[in-house]
C-alpha cells in the first residue's frame, strides 16, 4: 500500500517578523492544477507564494487518466518523463454490452508519437512528482497554511492565512484559486455555480491485484456481474486497478462503502479465485457546472474551483492542467507590465469555452450511461446491440468521450485564417504533435 509523504510545516517568516507577505501571485491549493501554476510561474521567473491547508498529497487516487495534450504540457513543466515512466500507458478501449464486446477503439493508431494517447497515474503520485519538480526550481509549498479570507484591493488581492502558529496576510497582484471542487475562495467571494447535479451514485474502488487483464479501458453496460448498471475497469501504477460501479440514486452511500458490501461486488466482477485487496473506496455523486466567469478582478479561478464535470471521459484533471497552461504565460506578461490586464480576459473567454465543451460532452455521456426514462434505456440498448455488427451505431455509443484539447475558435487571440488548408487544425487549436518521416 502506498504511504503518502508528510511534508513539514515551516513557520512562515511573516509571523516571526510581524509583517505582511507581499508577492506577485498567491496560489491557493497545491493539487495538480495549483502545482502546475506554481511550476509554470517559477519557470517564467515570477514571484509567488503557494499555500495548502494539508501537509500531504491528495487521498485516494481521484483523477487517474492523463491525456496526450496534458502530457505535452507536463513535458514543458519538466514533469512529463517522470509521469510517463511512473504511469501505465494505454490507447485501446473496449465497450461491452452485457456479456458481449460491442466494439473497441484505438486512440492513437499512428506510431512514432512522443507521448501515448493516455497515461494512467494516480493523482497523488503525479502530485508527488510535481512537488519535487517545484523544489528543483527553488520553491516550496507552504503546507498547513489555510486561506480563511480573500478580499479584493484597488491594486491586487489579499489573502488571510491561518497556520498552527497564528495568522498572517498575503498581499498579491493576483490570486489563483486552485482549491478544488469545494473551493473556499469561491465561497468567500460569494460566487454561485451554474449547472446541473445528476441524481445517481457510483462506487469507486481502487484495488491491489496481480491482474492479467490487458492495459486497456474496459467499460460495460448492463454486465451479467452487475445487472442494470455500468462498470469500468482500468489499470493504474503499482498494480492498482480502478473499478467503478453504478449504484443508483436510492443506494445508501455509508452502507455501500462497507467492505462487506464492496468485496462481493468486486468478486462478482473479477471472479471468485482472483486475489485482491481494497486500497481505497468511495461513493460519489457529481455535477456538471461552472462559474459564470473565471476572472474576477484580481482573483482567477482554475480547475475544479472554476468548473466541474462528470468523471466519464477524464475531462476534470486534464482540463484543469490546460487551464494552468493557458493562464500562466498571460499572467506572467501582465505582472511584468508587458501586456495590459485585459489579456487575462482571453483566459476567461477561452477556458469558459473549454468548460462549456467539456460540460456538454460529460452531460451527453451521463445521459447515455444513466438513461432517465424507459424509452431512453430502450434506445440506448438498441444502439449497443446494433454496434456489435454495424459501424454506424458505434458512433452513437457514449461511454465517455475521452478528453481532447479545445480549439479556441471564438476569441481575441485567434485571427481568421485566410489561406485554405484541407485539414482539421484551425486557428486556436493546439499544435499537433505528430511523427515526421524523412525522405530517403
query = So which residues in the stretch 210-238 are buried (at least 18 other Cβ atoms within 10 Å of the Cβ) and closer than 30 Å to residue 3 by Cα, if there are any at all?
reply = 217, 218, 219, 231, 232, 233, 234, 235, 236, 237
task = Kindly indicate whether residue 283 is surrounded by 16 or more Cβ atoms within 10 Å (Cβ to Cβ), part of a strand (DSSP E or B) and within 19 Å of the chain's Cα centre (by Cα).
result = yes
Matching entry among 293, 333, 261 (being surrounded by fewer than 18 Cβ atoms within 10 Å (Cβ to Cβ), under 25 Å from residue 70 (Cβ atoms) and either touching a residue at least 24 places away in the same chain (Cβ under 8 Å) or outside the structural domain of residue 124 (by TED's automatic domain parsing) (or both)) = 293
request  = Considering only the stretch 145-155, state which residues are surrounded by 17 or more Cβ atoms within 10 Å (Cβ to Cβ) and either out of contact with any strand residue (DSSP E or B) (no Cβ under 8 Å at 6 or more places or on another chain) or more than 20 Å from residue 13 (Cβ to Cβ) (or both).
outcome  = 150
ask   = Quick one: would you say residue 39 is modelled with pLDDT of 95 or more and either under 26 Å from residue 93 (Cβ atoms) or assigned to a helix (DSSP H, G or I) (or both)?
value = yes
key: Matching entry among 133, 142 (being touching a strand residue (DSSP E or B) at 6+ places or on another chain (Cβ under 8 Å), surrounded by 14 or more Cβ atoms within 10 Å (Cβ to Cβ) and closer than 27 Å to residue 5 by Cα)   = 142
ask   = Of the conditions (1) within 28 Å of residue 307 (Cβ to Cβ); (2) modelled with pLDDT of 85 or more; (3) surrounded by fewer than 17 Cβ atoms within 10 Å (Cβ to Cβ), residue 350 fails just one. Which one is it?
value = (3)
ask   = farther than 30 Å from residue 378 by Cβ, without any contact (Cβ under 8 Å) to a residue 12 or more places away in the chain and in the same structural domain as residue 44 (by TED's automatic domain parsing): does that describe residue 146?
value = no
ask   = Which one is nearest to the chain's Cα centre (by Cα) among residues in the stretch 207-252 that are over 26 Å from residue 367 (Cα atoms) and not in a loop (DSSP other than H, G, I, E, B)?
value = 237
message = Would you confirm, using the coordinates I've provided, whether residue 182 is surrounded by fewer than 22 Cβ atoms within 10 Å (Cβ to Cβ) and in contact with a strand residue (DSSP E or B) (Cβ under 9 Å, 6 or more places away or on another chain)?
response = no
task = Might you let me know whether the stretch 182-200 holds any residue that is assigned by TED's automatic domain parsing to the domain that holds residue 84, within 19 Å of the chain's Cα centre (by Cα) and free of Cβ contacts under 8 Å to residues at least 12 places away in the same chain?
result = yes
key: From 83, 21, residue being farther than 25 Å from residue 146 by Cα and crowded, with 16+ Cβ neighbours inside 10 Å   = 83
key: residue 303 in the same structural domain as residue 67 (by TED's automatic domain parsing) and out of contact with any helix residue (DSSP H, G or I) (no Cβ under 6 Å at 6 or more places or on another chain)   = no
query = Among the listed residues 314, 341, which satisfies the condition of being assigned by TED's automatic domain parsing to the domain that holds residue 119, more than 16 Å from residue 181 (Cα to Cα) and surrounded by fewer than 24 Cβ atoms within 10 Å (Cβ to Cβ)?
reply = 341
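The values are calculated or read from the model by the stated rules, or taken from the named source; none is laboratory data. Just so it is clear, the model here is predicted, and its values are computed rather than measured. Positions of Cβ are generated from backbone atoms using ideal geometry, with glycine treated the same way; all protein chains shown enter the neighbour counts.
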